[in-house]
Amino acid sequence: AFISPYKKDRAAVRSLVGSDEFVEIYLRCPLETCEQRDVKGLYEKARLGEIKGFTGIDDPYEEPESPEIILETDKVNLEQCVERILNFLEARGLVSRVWK
């Protein structure tokens, strides 16, 4: 697993791992929703300047250009997200499930 707001970092990891095994999953969610879900209050601290370099506030987020999977987490629940990921990985032959 690798989390990065920058395209160049994601491209570097893809080239290291190889495109056949690298799966870019974009968890698309409006900033407002992220702030509403923030139980630790990190977004508020970032807006107050208490945290510097916070993605989406004072540091950029570079949206993926062609991720293998896009999950709109403000519209799809956790179980649906997991199911989509598992279906994709299974179709690619990267995992196999013995349950369904």
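The values are calculated or read from the model by the stated rules, or taken from the named source; none is laboratory data. Predicted, not measured: the structure shown is a model, and the values here were computed from it. Every residue, glycine as well, gets a Cβ built from its backbone with ideal geometry; the counts of neighbours run over all protein chains shown. We work out accessible area using only protein heavy atoms, side chains counted, and drop any ligands, DNA or RNA first. Shrake-Rupley method; radii C 1.70, N 1.55, O 1.52, S 1.80 Å.
Couple of notes before you dig in:
- Dipole axis of region 13-100 (+1 Lys, Arg; -1 Asp, Glu on Cβ), positive-most option in Thr55, Val13, Val82: Val82
- Within the same chain, aspartates and glutamates fewer than 8 places from Lys7 are excluded, and of the rest, those with a Cα less than 20 Å from its Cα are Asp20, Glu21, Glu24, Asp58, Asp59, Glu62, Glu63, Glu65, Glu68, Glu72.
- Nearest-20 debye value, the chain charge dipole, Cβ charges on Lys, Arg, Asp, Glu: 220 debye
- The chain, accessible surface, carbon-and-sulfur percent (1.4 angstrom probe): 54 percent
- Evaluating kT/(6 pi eta Rh) at 37 °C and 0.692 mPa s, with the Kirkwood radius of the chain over Cα pairs in the Stokes-Einstein relation, gives 212 µm² s⁻¹.
- Residues whose amide H comes within less than 5 Å of that of Arg28, counting only those at least five positions distant or on another chain, are Leu71, Glu72, Thr73 (H built at 1.01 Å from N in the peptide plane).
- Think of a 1.4 Å ball rolled over the protein heavy atoms: the chain then has 73 Å² of accessible area per residue.
- 3J(HN,Hα) couplings calculated from phi for region 28-39 with the Karplus curve 6.51 cos²θ - 1.76 cosθ + 1.60 (θ = phi - 60°) are, in sequence order, 7, 7, x, 3, 4, 5, 4, 5, 5, 7, 6, 6 Hz; Gly and Pro show x.
- Qualifying trypsin sites (Lys or Arg not before Pro) for region 2-52 [loop in DSSP, other Cβ within 10 Å: at most 10]: Lys40, Lys52
- Among residues other than Asp38 with Cβ under 13 Å from its Cβ, the summed charge is +1 (Lys and Arg +1, Asp and Glu -1).
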